[in-house]
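Heads up, the thing below is written out as structure tokens.
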Amino acid sequence: MKKKYLIGLFFVGALVSCDDFFEAPSKSSLDESVIFSTPGLARGAVVGILQPMMEQNSYRGRHLPHYGLNTDVEWFNSSQTISNSSDLKTYNALPNNGEMNSNPPSSWSWMYSGIERANLCIRGIQNYGNPTPDSEMGELLAAALTYRAVYYADLIKAWGDVPMRFEPISSKTLYLPKTDRDLIYNRLIKDLELAATLIPWPNQSSSTNSVENVSKAFVKGLRARLALAAAGYSQRPTEIRKGQLPDFTEQQLYQIVLDECTDIIESNTVHLEPSFEALWRNYNEEDLSAGKESLWEIPFSPTRGRWFFTFAVRHQNAGDQYHNNGTNRGGESGPLPYVFYDYDVADTRRDVTCVPYRYGTTSGTVVSPINGSIRPFAKQELVGLNTWYFGKYRYEWMDRLVDNSNDDGQNRMYMRYAEVILMAAEAANELGDLATAKTYLKEIRKRAFPVSDHAAKVDAYVNGLGSRDAMFNAIVDEHKFEFCGEMERKQALIRWNLLKTKMDEAKTKMYALRDRTGEYADVPINVYYKYAADGETLQLYGLNRGESAAPGGDWISTTTSWSGVDAISNDKIETIYRQNPDTRQFWPIFQIFIEASNGTLTNDYGY
């Protein structure tokens, strides 16, 4: 059952530029010795570090709906329409973007509010809490260090170089310039090394039995993710280059990735779900028990958060048997059209990830399978080749009926165990251990394919990867199939220096798919459908390659061709990006923050 999200015991308010304010002792500073020497009070303060994520224009309604799009596998379904929202996804954002240059301020300021809360907690616990391994205060310090790392990781992903602030604000540090992200990564990697020594594995304490709290598995996984990003490429003010951390070489960073991931794997405290569909059904049902695949989730309350509101399979009507979340909920973004056809037909991830239908206009009523109430009835409707939805997120798989017009309450799964395994494979390959990389890649593919296909699709395929380059390319492809729709792809493409290369490849693939040429020549022209006995569920023929012969019987053909010249417009294909992604890897710092910086902040990257 999903718990209510608790607000912390103190609130770090909006800060003003008055020196006297910072130099005078505030009530919260006077109380630090009490708060951070008392485990119950300290825990409330640490929980409060995440409160800024829930606020208006923060993660809930700005950062999560926008960051991570567009890539070679995920796009905003209205990318062809110029708007503030599409500009953020199509590499066309400007400092005055109406979604982000807003009042109340957007995610940049809320992230720094969370960092300030973390800094206060870290200082207080270190000064008054006696944090040691296997102690409650040690666990709380680890959580505060980890939450601060999450905020910084997300700031760097979105903006590149950002101000570095690892102590509570004072009059001398109110206005700070940007810091080279390599220095921030350098500090975070050390912080998380300390945090991992202080916090238990999943289910080894009362607080680590839920994925709404961090555990050693997540801390180590996050450290691996940051080390991998730090070792890779990213856009700098004058070039694209790999990271150059002062205390870690590239090889050392890859070794950190492999060591941390190996520790998680060998701990046997988390595991892959037995099937890909089971993983996502459990997530949709809000199974928060630790020790499965989810390592940590941003813990939205039932009336906050817009993950399904934004990304779930589209429901056209204001309410139906599966939701009461308002009109046109879900479906703002989805897989690129070609992705469905790039999956092996035997890959069980395909039909979970790529959904070609929506729930349409309601007709009559039905008993809701979720809560037994009488609800408007909607059935599945085929959309078109140019619009797909992320099937990992489905109101119809939830075990509660969302009853809020603005929010859905679904957590954001921030990291899962499959990423740990693929990171281990990548790091092993970079370190020259092809055999170990193959072992880990096989683990991912074993879950993806039925046992009857393992000999060909797992063993023969992976064993045939005879070089480091071949393995790298296989990992890039596997990442596409495993994480499509999870908004992890953009940073991966950036660190591989493949962002524009892969997006251009995707454009080429979409033209070929539409025109049924090259590798997509066997995609059918027509799709046929009928409904199952429940009158709701679509049955489709002609979606798979080679299903070209008319099936006859009671099958109904779509009124327009599924593929062909009219299936996807040139404009929609071309506007997967509007500016060169390699010169727009990051958003600009938005004007409201530039103007409030007392001249310390400026934009790079040609903004």
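The values are calculated or read from the model by the stated rules, or taken from the named source; none is laboratory data. Just so it is clear, the model here is predicted, and its values are computed rather than measured. Don't worry about glycine lacking a Cβ; one is built from the backbone with ideal geometry, like all the others, and counts go over all protein chains shown. Just so you know, the surface numbers come from the protein's heavy atoms only, side chains and all, with ligands and any DNA or RNA stripped out. Shrake-Rupley method; radii C 1.70, N 1.55, O 1.52, S 1.80 Å.
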With the contact rule set at Cα under 8 Å and sequence spacing of 6 or more, what percent relative contact order holds for the range 487-607? 23 percent
Ordering T517, T146, T262 by the accessible surface of their heavy atoms, 1.4 Å probe, largest first, yields T517, T262, T146
Mind checking which of F300, C261, L279 is farthest towards the positive end of the range 236-318's charge dipole, using Cβ charges of +1 (Lys, Arg) and -1 (Asp, Glu) about the Cα centre? F300
In square angstrom, rounded to the nearest 10, how much accessible surface does I374 have for a 1.4 Å probe? 120 Å²
I'd like the accessible area for L174, computed on protein heavy atoms only with a 1.4 Å probe and all protein chains in place. Round to 10 Å², please. 30 Å²
Which angle between 0 and 90 degrees, to the nearest 10, do you get for helix 136-159 versus the longest principal axis of the chain when only C-alpha atoms count? 60 degrees
Using Cα centres only, tell me the gap between the range 505-532 and the range 562-589 in whole Å. 18 Å
Measure off, as a whole percent, the carbon and sulfur share of the 1.4 Å-probe accessible area of the range 185-276, all protein chains present. 45 percent
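Averaged per residue, what accessible surface does the chain expose to a 1.4 Å probe, in Å²? Each step should come with its number before you reach the end.
Numbers: 22200 Å² over 607 residues.
Normalised by residue count, the accessible surface of the chain is 37 Å².
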Using unit Cβ charges (K, R positive; D, E negative) and no other charged atoms, how large, in debye to the nearest 20, is the dipole of the chain about its Cα centre? 520 debye
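Restricting to Cα pairs below 8 Å that are 6+ residues apart, what does the relative contact order work out to for the chain? Please round to a whole percent.
Numbers: 1155 pairs, mean separation 104.0, N = 607.
Value for the chain: 17 percent.
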Around E74, which amide H atoms from residues at least 5 apart in sequence, or from another chain, sit under 5 Å from its own amide H, with H modelled in the peptide plane? L336
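Once neighbouring chains are kept in place and the probe is 1.4 Å, which whole percent of the accessible area of the range 424-544 is contributed by carbon and sulfur?
On the way: 2220 of 4570 Å².
After summing per-atom areas, the C and S share lands at 49 percent.
Ranked from the most accessible area to the least, with a 1.4 Å probe and all protein chains present, what is the order of I556, I475?
Details: I556 80, I475 5 Å².
Heavy-atom accessible area, descending, gives I556, I475.
Where the only charges are on Cβ atoms (+1 Lys, Arg; -1 Asp, Glu), what is the dipole of the range 522-607 about its Cα centre, to the nearest 20 debye?
Working: 5 positive and 11 negative charges, 19 e Å.
Charge dipole, the range 522-607, about its Cα centre: 100 debye, nearest 20.
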Here, the chain modelled as identical Cα point scatterers in vacuum has Debye log10 I(q)/I(0) at q = 0.06, 0.09, 0.11, 0.13 Å⁻¹ of -0.31, -0.72, -1.10, -1.56
With everything on Cα atoms, drop me the angle between helix 468-483 and the longest principal axis of the chain, reported from 0 to 90° to the nearest 10. 80 degrees
Expressed in square angstrom to the nearest 10, the accessible area of E519 with a 1.4 Å probe stands at 100 Å²
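Only Cα pairs under 8 Å and at least 6 apart count here; give the relative contact order of the range 64-179 as a rounded whole percent.
Details: 92 pairs, mean separation 21.5, N = 116.
Reported relative contact order: 19 percent.
To the nearest 20 Debye, how big is the dipole of the range 22-173 about its Cα centre, given +1 on the beta carbon of each Lys and Arg and -1 on that of each Asp and Glu?
Values: 11 positive and 15 negative charges, 39 e Å.
My answer is approximately 180 debye.
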Whenever you get a sec, compute what percent of the accessible area on the range 30-137 sits on carbon and sulfur atoms (1.4 Å probe). 49 percent
Express in % the proportion of alpha carbon pairs of the range 476-607 at distances exceeding 26 Å. 49 percent
Along the positive direction of the dipole of the chain (beta-carbon charges: Lys, Arg +1; Asp, Glu -1; about the Cα centre), which of A227, N497, W108 reaches farthest? W108
What per residue convex hull volume, in Å³, comes out for the range 44-172 when only alpha-carbon positions are used? 138 Å³
